[in-house]
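Presented below is the structure to which this report refers.
Read-outs throughout are calculated quantities, based only on the coordinates presented, and are distinct from any laboratory measurement. Everything numeric in this text was worked out from a predicted model, so none of it was measured. Glycine gets a Cβ as well: all are built from the backbone with ideal geometry, and neighbour counts include every protein chain shown.
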Amino acid sequence: MSENRFSDAWCDEFRRQMPVTDNWAYMDHAAVAPLSSPARGAVLAWCRDACGAGDTCWAEWAAGVERVRVTCAAMLNASEAEIAFVHNTTTGISLVAEGMDWATGDNVVTLGNEFPSNLYPWMNLADRGVPTRRVPVERGVVDIDRIFDHCDARTRLISLSWVGYASGWRVDVAEVVTRAHERGISVFLDAIQALGVFPLDVRRVPVDFLAADGHKWMLGPEGAGILYIRREHLARLRTIGVGWNSVEHAHDFSRIELTLRPSAVRYEGGSQNMAGVLALGASLELLASLGLSSATSRIAERVLAVTDFACERLAEAGADVTSNRTGDGRSGIVMFRVPGQDPERVRAHCLARRVVLSCRGGQLRISPHGYASGDDIQQLVEAIRSVRG
């Protein structure tokens, strides 16, 4: 198969908007993404204004943040009132975990191979008599029947990752939500390894809660993420981290009256990471212009095509691809091993050859975005071949 099959006008434009491509074959979006040119421009503009004019620009920044909220809502087909900005995915999960009205004997069901951030906030409920049930995951493939085998009449919530960080398996969110709601169980979706590539319409697939930091597939900086709370759950959750920005009269500091905003903004508490949110918004606008929406995403098609091709070429180079690449379970994450080689040594070898990837769970992991080219894959393959001698 030819590397040239990945040449496409919109993909080429995407690549031009990613300065990292000047120096690296970057395949590590499941860790930390490089910033897009629009995100860089947003940060530099904020820095220029902050240095030169201080808080005289604050109202302009605040208006920009609200425009980003609209962009985030459109990406999910949500309303702006259902979107809060959070510093990271962990914060979003914790706000829900600490805010629900748990009763002794309730339980949470999650997956055994979750990232720690989607385990510890739930496990922290044990001292309130709320155990966390971890569903075993065999060979990285999530068995949805097994999830519901672990549920009972006291299961209040299922929390799971849309895409497994150390497997690459993409869960059928629609099936999980449908089956959970039939049983009166809420669903929390950790979307950090999928949002920015795969489409999600929360009106069609009514997840109850969702969180995702922007520094992976959404191409934003660290410290700026989103929390989605379905509107009818706003009154259900106790508001944690209440501050001046949580109330309806947020800018009237002399009026002390706890009247919470009727929107998810009540969870933002105090001052926002404005520079980070503005940069995130700039990257999301880029992704939207390239075809990402709540209904469809040619970026997703591109990512799957690139990772399928990478799997073919890695196998030809003698690597063992361990991610299950079956049908709709595929994602932008591919796990593999190089027989007889230490993963950390292979990673260092690749970095020396300007190829960026990660090690997770004793394996190597690539996670290319839609701007990856056939030449990037070839550079990866040549690095893998050379490490084997």
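Taking R0 as 35 Å, what's the FRET efficiency between Glu344 and Trp244 from their Cβ-Cβ distance, rounded to 0.05? That pair, Glu344 with Trp244, gives E of 0.15. Ordered by the count of other Cβ atoms within 10 Å of each Cβ, fewest first, Ser37, Ser358 give Ser37, Ser358.
When DSSP beta bridges are restricted to pairs lying wholly in the stretch 93-224, around 10% turn out antiparallel. Here the chain is assigned +1 on the Cβ of each Lys and Arg and -1 on the Cβ of each Asp and Glu. Its dipole about the Cα centre then comes out at about 480 debye.
Springs join every pair of Cα atoms under 10 Å in this Gaussian network model of the chain, and among Asn113, Asn245, Asn23 the largest mean-square fluctuation is at Asn23. Oblate is the label for the stretch 210-269. Its Cα gyration tensor axes, ordered a ≥ b ≥ c, give a/c of at least 1.5 and b/c at or above a/b.
Along the Cα-to-C-beta direction of Glu222, a point sits 7 Å from the Cα; which residues of the stretch 339-367 have their amide N less than 20 Å from that point? The answer is 348, 351, 356-361, 365-367.
For the stretch 122-138, the Karplus equation 6.51 cos²θ - 1.76 cosθ + 1.60, evaluated at θ = phi - 60°, returns couplings of 6, 4, 5, 8, 4, 6, 9, x, 10, x, 10, 9, 9, 7, x, 10, 8 Hz by residue, with Gly and Pro reported as x.
Counting neighbouring Cβ atoms within 10 Å and putting the fewest first, the residues Phe148, Phe85, Phe253 line up as Phe253, Phe148, Phe85. The order of Trp102, Trp169, Trp217, going from fewest to most other C-beta atoms within 10 Å of their C-beta, is Trp102, Trp169, Trp217. By the combined test of axial Cα extent (at least 18 Å) and Kyte-Doolittle hydropathy (mean at least 0.5), the qualifying DSSP H helices of the chain come to 58-76, 274-289.
Think of it as helices only: each DSSP H run of n ≥ 4 in the chain is worth -39500 (n - 2.57), and spread over all residues that comes to -10500 deg cm²/dmol at 222 nm. By the compact-protein rule of thumb, 2.2 N^0.38 Å, the alpha-carbon radius of gyration of the chain corresponds to a ratio of 1.01. Using a cut-off of 14 Å between beta-carbons, work out the net charge of the residues near Trp10 (Lys and Arg +1, Asp and Glu -1, Trp10 not included). My count for the surroundings of Trp10 gives 0.
Bridge orientation summary for the chain: considering DSSP beta bridges with both residues in this region, about 50 percent are antiparallel.
Residues whose amide H comes within less than 5 Å of that of Arg360, counting only those at least five positions distant or on another chain, are Arg365 (H built at 1.01 Å from N in the peptide plane).
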